[in-house]
Amino acid sequence: MRILGLDPGSLCTGYAVVETGPKVTYVVSGSIRARGASLADRLQEIFAGVDKLAAEYQPDEVAIERVFMHRNADSALKLGQARGAALSATFAVRPRVFEYAPREVKLAVVGTGAAQKEQVQLMVRRLLSLSGPLGADAADALAIALCHAHSRNLNGQLRQLAAGSAQ
């Protein structure tokens, strides 16, 4: 199972691809820097970048951060538009889409929903045995992908237990 994790932003969208199996395996991660002068230009860059990733890596599932309300409504709207551009770019490969709240991702990866960005980066590195530089946006996308991979495994185990007790 191949998972594309997305951490959308109107200026920088983090992405990560992992594969699940007996263990979660790192494939690629990075960020799409949208440098357009207008929001529409940046959204187009986000769409094109994620479209290229989806075509190359053919994810079975997409895990994306759920929109949360910022203090500034304008920021939340821009984030929602970036999220929409990123998600719609994956539709050609028809993946299943799953959403996770930021606190849920931090809880799954670090063990506390109030974790700092540095803690998330550290745990992502340890869980995937990564060395070398890892940007904050890529680390967040990896954390989202890991959260989903762990949720998939847990849900699969619960289904097996339920099926076993029904027999």
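The values are calculated or read from the model by the stated rules, or taken from the named source; none is laboratory data. What you are looking at is a predicted structure, and each value in this text was computed from that prediction instead of being measured. Cβ atoms come from the backbone with ideal geometry, glycine included; neighbour counts cover every protein chain shown. Note: areas computed on protein heavy atoms with side chains; ligands, DNA, RNA excluded. Shrake-Rupley method; radii C 1.70, N 1.55, O 1.52, S 1.80 Å.
Tabulated results
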| item | result |
| --- | --- |
| Any hit, region 113-130, residues being crowded, with 17+ Cβ neighbours inside 10 Å, out of contact with any strand residue (DSSP E or B) (no Cβ under 6 Å at 6 or more places or on another chain) and charged (D, E, K, R) | no |
| Scope region 56-87; condition open to solvent by 40 Å² or more (accessible area, probe 1.4 Å) and under 17 Å from the mean Cα position of the chain (by Cα); matching residues | Glu56, Tyr57, Gln58, Asp60, Arg66, Val67, Phe68, Gln81 |
| Qualifying residue in region 92-106 (condition: out of contact with any helix residue (DSSP H, G or I) (no Cβ under 9 Å at 6 or more places or on another chain), under 12 Å from Asp7 (Cα atoms), open to solvent by less than 30 Å² (accessible area, probe 1.4 Å) and in a helix (DSSP H, G or I)) | no |
| Residue in region 28-49 that is under 19 Å from Arg96 (Cβ atoms), open to solvent by less than 50 Å² (accessible area, probe 1.4 Å), of a type outside the set (Asp, Glu) and not in a loop (DSSP other than H, G, I, E, B) present | no |
